Structure formats: structure tokens, C-alpha cells
Protein chains: 2
Amino acid sequence: MKIGIDVMGGDFAPDSIIEGAVDSLQHLTHGDELVLIGDETPIHKKLKELNTSSSNVVIVHTSQFIGMGDIPAKAYSQKPDSSIAVGYKMLKENALDGFCSAGNTGAMLVGASYTLNVIPGVLRPALATIVPGLDNHNAVILDVGLNPECKPEVLCQYGILGSIFARYVLEAQNPTVKLLNIGEEETKGTSTIKAAYELMRDHPGLNFEGNIEANSLFRESMPDVIVCDGFVGNVILKQTEAFYHIYKTRNLKDSYFERLDFESIGGTPIVGINANVVIGHGISRRRAIMNMILQTWAVVHANLAQKIKEAI
Amino acid sequence: MKIGIDVMGGDFAPDSIIEGAVDSLQHLTHGDELVLIGDETPIHKKLKELNTSSSNVVIVHTSQFIGMGDIPAKAYSQKPDSSIAVGYKMLKENALDGFCSAGNTGAMLVGASYTLNVIPGVLRPALATIVPGLDNHNAVILDVGLNPECKPEVLCQYGILGSIFARYVLEAQNPTVKLLNIGEEETKGTSTIKAAYELMRDHPGLNFEGNIEANSLFRESMPDVIVCDGFVGNVILKQTEAFYHIYKTRNLKDSYFERLDFESIGGTPIVGINANVVIGHGISRRRAIMNMILQTWAVVHANLAQKIKEAI
């Protein structure tokens with residue numbers, strides 16, 4: 001498997017990206033290859049500093065890069081030799097099996113739709129992330145930020161996309177799906193949520209179990225898939241960051257709370273596009289980058305994009 | 001001050017309600033009076049059991065009550081001698097200064113609009129609750145569940161209602177207001193949020209400071225007022241419950257996390273109606289009820305409904 005990494009992306013690029021990539025090597029298997037995409041000079045220097053001469057690491061030099069403050073669409077089209085544009089080009093030409101970046105999220109999304117395209121039949125791609133449960137069961141929640149406003153049909157299809165994610169990435173046998181709402185009764189919520197409930201309830205391909213309220217998140221007995229719009233999902237993701245911050249600030253020690261650290265999760269896959277792409281947090285350092293790469297490995301290993309193509 | 005308490009409302013009524021009411025007495029001042037509204041037989045029995053013969057406690061007997069499973073509007077109109085209906089009637093006639101209940105939320109809301117009416121000029125009332133900050137500064141967030149879908153004008157007015165709450169209940173001098181969004185930039189979010197941003201930015205009566213993301217909630221440097229729609233606010237409130245549950249389950253001990261316990265906060269005032277009303281959580285026991293009553297005291301003490309009437 002060949003995983004491309006945007007070495008120029010993120011607040012601590014390129015050093016932390018290269019460090020995280022090197023750390024990930026010990027968790028990968030023999031035939032896996034890391035393709036470091038970016039300016040070759042600092043890459044060579046850092047690899048030497050880390051005493052890494054693995055034959056599993058390949059460098060693809062690029063002369064440009066897209067910064068965190070660049071305007072996404074403009075930068076993507078005006079910088080064809082940037083690490084993000086080159087990564088997407090390689091993905092499209094099957095020179096990579098997966099690609100990940102902690103860089104400019106907008107540019108990553110632009111590349112996903114401009115270069116890779118959405119899988120035919122997918123209404124809107126989504127960002128998916130893991131919700132760790134108290135009972136060690138993980139759920140996937142989507143969307144967590146790509147589409148702040150979702151039509152009922154889109155929410156219903158997120159149930160399908162999430163089920164494929166849960167089946168192949170989380171290895172859930174017959175994934176259960178719930179709709180995030182502000183009450184358990186099907187009459188609760190906005191008109192969009194009520195309409196989505198009906199579509200999901202009547203969809204033969206969904207193992208739909210009704211509504212879930214936010215006080216049941218992160219706890220015992222979560223479903224495998226939790227569906228919400230990108231506004232609500234993003235709020236949930238970020239509120240979790242707030243609580244993790246409080247936990248750290250208060251000097252508490254707990255193995256469950258540690259699982260809420262974004263560094264443990266690493267990245268959020270874009271679900272519904274024609275290849276396997278994972279986006280990391282801009283503030284990612286060494287450990288977060290390593291986990292972003294391992295998350296990409298898991299998504300490629302599950303053959304997620306292909307499984308969605310077959311199912312939709 | 002006369003505070004009415006629905007003794008029949010909540011999962012642990014009437015016993016826990018009476019216990020919480022008696023506990024609240026020690027925090028109230030000499031002239032305050034608690035009006036226990038409900039079936040007098042268990043009230044007398046419980047007060048005797050608690051050895052309470054305070055002259056500050058008055059009983060108003062009612063022959064009916066609205067259960068947690070009753071259909072709100074139907075129950076409210078068909079049970080005029082229920083504790084909720086009698087409480088609202090007394091409020092309207094100024095026989096009470098404030099009223100609170102941990103009972104059927106729907107019936108409480110029906111009573112608020114049927115019997116008390118919305119303050120003229122208020123577009124939609126809201127439920128407001130406290131967000132405790134790590135630096136001991138409290139914010140108020142609204143709406144947390146009354147209006148799942150809010151027009152931009154309603155969100156803007158929540159900024160005003162919240163500012164009045166912050167000024168008179170939280171004693172903030174010149175309350176700062178932020179809009180909950182999924183990015184700090186004003187171009188982020190849904191079309192509704194973007195429109196609300198513009199209205200709030202241009203409103204001369206608001207000390208508006210832009211967007212706040214959910215990872216800044218509960219932390220240091222919160223604004224005094226946080227505005228969101230009732231769907232998002234309810235998710236935030238309930239996700240907080242989830243984290244408090246995790247904290248308890250993991251046997252952690254921390255004074256900050258204890259402040260997240262709904263029992264410490266007690267209840268959420270309905271803001272924008274013609275009197276001071278507080279709604280408690282259905283699962284409230286003794287301590288939560290005491291704090292619901294003290295929260296009602298604070299809202300009455302601040303003269304919240306009257307201040308809003310004067311401002312709108």
C-alpha cells in the first residue's frame with residue numbers, strides 16, 4: 001500500500017510531519033510505502049537527523065506549497081506543483097492508495113471535488129470521525145463539518161455511507177444507525193430532521209434504530225453510526241475538544257478521557273469521493289501525524305472508497 | 001418574595017420536591033415565602049416528617065396534576081386545578097413572584113404562552129442556561145431547546161434577551177455577546193447564521209464580539225452571552241450531561257467538573273414571557289430542586305421579566 005503524506009501541511013510542517021511519518025513506519029507492514037510529498041531539502045535533512053534510511057520511504061519533490069492562510073480554490077489552481085495538488089494528482093493516477101494532510105482543509109476539499117470527483121450517486125460527501133464509547137465500542141459520526149446544511153435525503157444517505165464505514169473500517173457486522181436529535185420521539189426536532197427520520201425508517205438498506213440524544217454520546221450502548229448535519233457534528237466534535245482541554249487543565253488522569261484526544265484519532269476521512277483521503281487537524285504534532293497516517297492506512301485497508309462505489 | 005413550586009412535577013415528586021424546598025429555606029431571606037402547590041395530604045405528611053413548621057411555607061391544595069406522559073396542551077386545558085395550571089394562574093394574578101417545576105416541560109411551556117403570554121415585541125421566548133467557565137466566569141447560553149429552528153431576527157434578539165439576563169442575573173456590567181458558529185470568520189456557517197451575524201454586528205444595542213466555536217465553551221475568556229438555535233443549544237446542554245456522566249463513571253474527583261452537574265444549576269428560566277418561570281430537569285432529586293428554587297429566586301431578584309419588558 002502506498003500512502004501519500006503532505007509534508008508541507010499543518011502548523012508544525014515540515015518537521016513534525018516527517019517525525020510522525022517515521023514513527024508510523026513501525027506500525028505498518030512490510031509492503032507498505034510512505035510517499036513524502038514536499039520540499040525535498042528539509043525532508044532529506046530531517047530524515048538524516050532521525051537516522052531513517054528506510055526503503056519504505058519515498059520522496060516526491062514539489063516546488064510549491066499551499067499555506068494555512070491561502071484562499072483554497074485559488075491556491076489549488078494556481079499552485080499545480082504544491083504538495084496538495086501533487087498528492088491528488090498521484091491519487092487520481094493510482095500512484096497512491098491514500099493521501100493525507102494536516103494542511104489547508106479548504107484546499108484539501110477543493111482537491112477532493114476538483115481532481116477526484118464525488119462518487120456517482122453520492123449526493124454530498126461527508127467528514128466522518130470516531131466517537132469512542134465508554135464500553136470500548138466505537139461509533140462513527142458524520143457529517144462533522146463539510147455540509148452545515150443538509151437536506152433530508154443527504155442525511156439519509158449519510159446513514160448508508162456511515163454504515164459502509166462502520167462495516168469495513170470499524171468491522172461492525174450489521175451496523176446500527178441513529179439520527180442525532182433533541183428528543184427520542186420521532187415527532188421531535190426540525191422539519192428537516194423529521195423528514196430525515198421518515199426516510200431513514202423506511203430505507204430498506206439501513207438498520208435504523210431511531211433518534212439518539214447528545215447525552216447518550218460517548219457512553220455505553222452507542223449505535224455504530226450517528227447521523228447529523230455538518231453544523232451540529234462540528235459543534236459536537238469541538239465541544240469534545242473543549243472537555244478534553246478542561247480534563248488536561250485540571251490535571252486529571254484517566255484512560256478514557258485520553259481517548260478523546262484528537263491526537264489519538266489523528267484525522268477525519270472524507271467519505272463519498274473517488275479515493276481514500278484523510279484530513280488532519282492543523283495543530284497536529286508528531287503523535288497526531290502518526291495517527292493520521294495510521295487512520296489513512298485503515299481506510300485504505302478497508303477499501304472504503306471502492307466499497308462505497310459498489311454500494312451506491 | 002413569593003416563589004411557587006409545583007410539588008407534583010418530576011420523576012421523584014412529591015417527596016423530593018418538598019425536601020428540596022425545605023432545604024432551600026436556609027438560603028432564602030426573612031421575607032421570602034415558598035408556596036407549595038399540590039396535593040396537601042402528602043405535603044403535610046412530608047413536612048411533618050422533616051420537622052418543618054416554618055411560617056415561610058404556605059400550601060395551596062390542588063386536586064389534579066399533570067403527569068410526565070400527559071399530552072401538554074390537552075392536559076393543561078383539561079386540568080385547571082392541576083399544580084401547573086394553578087401556579088400559572090397565581091403568577092398571572094401576582095399572587096406569586098416566580099414559579100418553578102420539574103414536571104411536564106411541554107405543559108410548562110403551554111402555560112407560559114397560554115396563561116402568561118409572551119412579552120410584546122419578543123419574537124420567540126427562549127430557554128436560557130448557565131455555562132460555567134474554567135476561570136469562574138459564567139456565561140448564559142440561549143436557546144437550549146425551545147425553538148429548534150430560529151430565523152436570523154430571532155437569534156439577534158436572543159442576543160438582547162441574553163444581555164439582559166447577563167446584566168441582571170449574572171451581574172455583568174456591559175455584557176459581551178457571541179454567536180455560536182463552526183468557524184470564527186463571519187463567512188462561516190449556514191445562511192441563517194451568516195444573516196444573524198450581520199444583524200448582530202449592526203445592532204446598536206448589542207456588544208457583539210463575533211463568532212465563538214464550541215471548543216471555546218466552558219473554558220477561559222467566554223463572552224457573557226452565547227447565542228444559538230434551540231437544536232444546537234440542546235445538543236450542547238445534553239453533551240455536557242454525557243461528559244458529566246463519564247466523569248462520574250470514571251470516579252474522577254474535580255471541583256470544576258462538579259459545576260457541570262445539572263443538580264448544581266437546578267433549572268433553566270424561560271426568557272421572554274410575562275413572568276419569572278424556571279423549568280427543572282425531570283430527574284431532579286432533593287439537591288437539584290433546592291437549586292431550581294434558588295435559581296428562581298435569582299431570576300425574581302433580578303426582576304428579569306420586568307427588565308425585558310422595559311428593554312424590548
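Any read-out appearing in this document is the output of simple, stated calculations on the displayed coordinates, not a laboratory observation. Only a predicted model underlies this, so the values are computations on that prediction, with no experimental measurement involved. Note: ideal-geometry Cβ built from the backbone for every residue, glycine included; neighbour counts use all protein chains shown.
Here are some notes:
- Relative to the Cα centre, the charge distribution of chain A, modelled as +1 at Lys and Arg Cβ and -1 at Asp and Glu Cβ, gives a dipole magnitude of about 400 debye.
- Theoretical FRET efficiency, 1/(1+(r/R0)^6), r = Cβ-Cβ of A:LEU252 and B:ASP135, R0 25 Å, to 0.05: 0.90
- The amide H of A:GLU149, built 1.01 Å from its N in the peptide plane, has A:GLY230 as neighbours under 5 Å, considering only residues 5 or more places off or on other chains.
- Zero-based 5 Å bins, Cα pair distances in segment B:1-124, whole percents: 2, 11, 22, 24, 19, 12, 7, 2, 1, 0
- Volume per residue for chain B equals 131 cubic angstrom (convex hull of Cα atoms).
- Anisotropy class assigned to segment B:176-304 is oblate, per the alpha carbon gyration tensor with a/c at or over the 1.5 cut-off and a/b no larger than b/c.
- Karplus-based coupling profile of segment A:179-190, in residue order and whole Hz: 9, 6, 8, 9, x, 7, 5, 6, 8, 7, x, 6, with θ = phi - 60° in 6.51 cos²θ - 1.76 cosθ + 1.60 and x standing for Gly or Pro.
- Counting beta carbons within 10 Å around each of B:VAL60, A:VAL277, B:VAL227, B:VAL169 and listing the fewest first gives the order B:VAL60, B:VAL169, A:VAL277, B:VAL227.
- Scalar couplings 3J(HN,Hα) for segment B:262-267, obtained by applying the Karplus form with A = 6.51, B = -1.76, C = 1.60 to θ = phi - 60°, are 4, 5, 6, 9, x, x Hz; x denotes Gly and Pro.
- A dipole drawn for segment B:1-131 from +1 and -1 charges on Cβ atoms has a positive end, and of B:PRO14, B:SER63, B:ALA85 the residue lying farthest that way is B:ALA85.
- Expressed in units of 2.2 N^0.38 Å, where N is the residue count, the Cα radius of gyration of segment B:102-181 is 1.17.
- Rounded to the nearest 20 debye, the dipole magnitude of the protein assembly as shown is 100 debye, with +1 charges on Lys and Arg beta carbons, -1 on Asp and Glu beta carbons, and the Cα centre as origin.
- Taking θ as phi - 60° and the Karplus parameters 6.51, -1.76 and 1.60, the scalar couplings of segment B:89-101 work out to 4, 5, 4, 4, 8, 6, 7, 10, 9, x, 9, 9, 7 Hz in sequence order, x denoting glycine and proline.
- Cut-off 18 Å, label 7 Å out along Cα→Cβ of A:GLN306, residues of segment A:71-97 by amide N: A:91-97
- Within segment B:90-195, the GluC sites (Glu not before Pro) that combine a DSSP coil assignment with at most 11 other C-beta atoms in a 10 angstrom radius are B:GLU93, B:GLU171, B:GLU185.
- Under a 5 Å amide H cut-off, with hydrogens placed 1.01 Å from N, B:GLY4 pairs with B:VAL35, B:ASP97, B:GLY98, B:PHE99, B:CYS100 among residues at least 5 apart or on other chains.
- Between A:GLU49 and A:GLU93, the FRET efficiency from the beta-carbon distance, with R0 = 56 Å, is close to 0.95.
- Shape class for segment B:60-125: oblate, because the ratio a/c of the largest to smallest gyration tensor axis (alpha-carbon atoms, square roots of eigenvalues) is 1.5 or more and b/c is at least a/b.
- Given charges at Cβ of Lys, Arg, Asp, Glu: segment B:123-264 dipole, positive-most of B:ALA166, B:VAL177, B:TYR247: B:TYR247
- Shape index of the protein assembly as shown: Rg/Rh, with Rg the Cα radius of gyration and Rh the Kirkwood radius from the inverse mean 1/r over Cα pairs, equals 1.03.
- Among the listed pairs A:LYS92/A:LYS309; A:LYS151/A:LYS309; A:LYS2/A:LYS253; A:LYS248/B:LYS151; A:LYS2/A:LYS79, those beyond 26 Å (Cα-Cα): A:LYS2/A:LYS253; A:LYS248/B:LYS151
- A rounded overall shape is assigned to segment B:145-238, the ratio a/c of its alpha-carbon gyration tensor axes (a ≥ b ≥ c) being less than 1.5.
- For segment B:65-200, alpha-carbon Rg and Dmax in angstrom: 17.5, 52
- Within 10 Å of each Cβ in A:211-223, the average number of Cβ atoms from other chains: 4
- Between A:ILE283 and A:HIS245, the distance separating the two model label sites (each 7 Å from Cα on the Cα→Cβ line) works out to 0.6 nm.
- Column: log10 I(q)/I(0), Debye, Cα scatterers of segment A:261-312, q = 0.20 Å⁻¹: -0.63
- With the charge dipole of segment B:123-264 set up from +1 on Lys and Arg Cβ and -1 on Asp and Glu Cβ about the Cα centre, the Cα lying farthest toward the positive end among the listed residues B:ALA128, B:HIS203, B:SER216 is that of B:ALA128.
- B:ALA311 label point (Cα plus 7 Å toward Cβ) to equivalent points in the other copies: 4.9 nm, shortest first.
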